[in-house]
1. So, residue 107, is that one within 18 Å of residue 125 (Cα to Cα), at pLDDT below 90 and touching an Asp or Glu at 6+ places or on another chain (Cβ under 9 Å) or not?
2. Report, ordered by the first and then the second residue, all pairs with beta carbons closer than 8 Å, sequence separation of six or more or different chains, a first member in the stretch 122-138 that is modelled with pLDDT under 85, and a second member that is among the charged types (D, E, K, R).
3. At pLDDT 95 or above and touching an Asp or Glu at 6+ places or on another chain (Cβ under 7 Å): which single residue out of 9, 50 fits that description?
4. Run residue 29 past the list (1) more than 16 Å from the chain's Cα centre (by Cα); (2) part of a helix (DSSP H, G or I); (3) in contact (Cβ under 8 Å) with a residue 24 or more places away in the chain and report the number of the one that doesn't hold.
5. If we scan the stretch 10-18, do we find a residue that is within 15 Å of the chain's Cα centre (by Cα), surrounded by 13 or more Cβ atoms within 10 Å (Cβ to Cβ) and either at positive phi or not aliphatic (A, V, I, L, M) (or both)?
6. Do any helices (runs of 4 or more DSSP H) lying entirely in the stretch 59-119 carry at least 3 residues that are among the β-branched types (Val, Ile, Thr), and which ones are they?
Amino acid sequence: MGSTALAIDIDEATDPACFDRVNWTASNGEIDRMVKEVAFVRNTVSPSVDLAVDIHGRYDATTGKRVAIEVEPFRILWLEEPVPPKNVDALRDIRQAMRTPICAGENLFLCHGFRELLEKRAVDLIMPDIQRCGRLLEAR
């Protein structure tokens, strides 16, 4: 249809393999499902179509890092919020452990919310939500 990229969500609160709905520590079954979803989409669309993956910052640092490493062979365009965006040190750790770009920001507020991400080089891409970050002037 002419698209050059697409994004998918791989977090699933109703995953039957979920054993920790409070801390969002993923089981091996959950991680396997996430990787299978990425593999399915990557193998279904044209190799010329870039694939971005969003986890919505719902998982703990261990799970975020495990998923990031598992999906790296699929050469995704970016991995969005493998951990909550306020967990800057965990984002930086994941970013340093892989080559896939890390993206975050749609759940941060005002320019000050992005400062630590940038100062610590915790992400490769900033994706502000214009409404949440303070509208156009603040986003600029």
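1. Judged against the criteria, residue 107 is a match.
2. Every condition considered, the pairs that remain are 132/106.
3. When all the criteria are applied, what remains is 9.
4. Every listed condition holds for residue 29 apart from (3).
5. So far as the stretch 10-18 goes, yes, one or more of its residues are within 15 Å of the chain's Cα centre (by Cα), surrounded by 13 or more Cβ atoms within 10 Å (Cβ to Cβ) and either at positive phi or not aliphatic (A, V, I, L, M) (or both).
6. Working: elements: 61-71, 88-96, 112-119.
Of the helices (runs of 4 or more DSSP H) lying wholly inside the stretch 59-119, those with at least 3 residues that are among the β-branched types (Val, Ile, Thr) span 61-71.
The values are calculated or read from the model by the stated rules, or taken from the named source; none is laboratory data. Please read all numbers here as calculations on a predicted model, not as lab measurements. In this analysis, Cβ positions are derived from the backbone assuming ideal geometry, glycine residues included, and neighbour counts consider all displayed protein chains.
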